[in-house]
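Okay, so here's the structure we're looking at.
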Amino acid sequence: MNHDTTPELIISAAASKSTYAGVVSMFLGWLVSSNAAIAVGMLVGVAGLLVNWYYKRENFKLRAASDNREAELNALLKAAEVREAELDALRKARLQRGMDTDTDLGDLEDV
């Protein structure tokens, strides 16, 4: 299943870029020795890091739930295949015993 287009990943990518912008802003503030620029850079960097962490965690939860649903579906399909194989084996056994109908009543005759 393709999980690369979820909104959480898009927001996470934006948050990652925001984190980098905060780091660059902090570094430039340090270069020019502006305490306000350093503080803003630190805040933007931490905010970006927190948003990135949150949406990565949410994406992980969604992916795990999707994988669980897919595993349940595969288990149900496998059970259906096993049941179909059992029914085929029963039909073959009936044919080998000479029974050509699928009921125990035999052939229905016109009355």
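Pairing each residue of segment 1-30 that is under 13 Å from Lys56 (Cα atoms) and aromatic (Phe, Trp, Tyr) with any residue that is modelled with pLDDT of 70 or more and assigned to a loop (DSSP other than H, G, I, E, B), provided the two are 6+ apart or on different chains, yields no C-beta distance under 6 Å.
Under the condition of being surrounded by 13 or more Cβ atoms within 10 Å (Cβ to Cβ) and at pLDDT 90 or above, the residues counted in segment 40-61 number 0. When you look at Glu84, is it in a helix (DSSP H, G or I) and in contact (Cβ under 8 Å) with a residue 24 or more places away in the chain, yes or no? In short, no.
Taking the criterion of being charged (D, E, K, R) and either at pLDDT 70 or above or open to solvent by 50 Å² or more (accessible area, probe 1.4 Å) (or both), the residues of segment 2-36 that qualify are Asp4, Lys17.
The values are calculated or read from the model by the stated rules, or taken from the named source; none is laboratory data. Here the structure is a predicted model, which means the values were calculated and not measured. FYI the Cβ positions are ideal-geometry reconstructions off the backbone, even for glycines, and counts take in every protein chain you see. Only protein heavy atoms, including side chains, enter the accessible area calculation; ligands, DNA and RNA are left aside. Shrake-Rupley method; radii C 1.70, N 1.55, O 1.52, S 1.80 Å.
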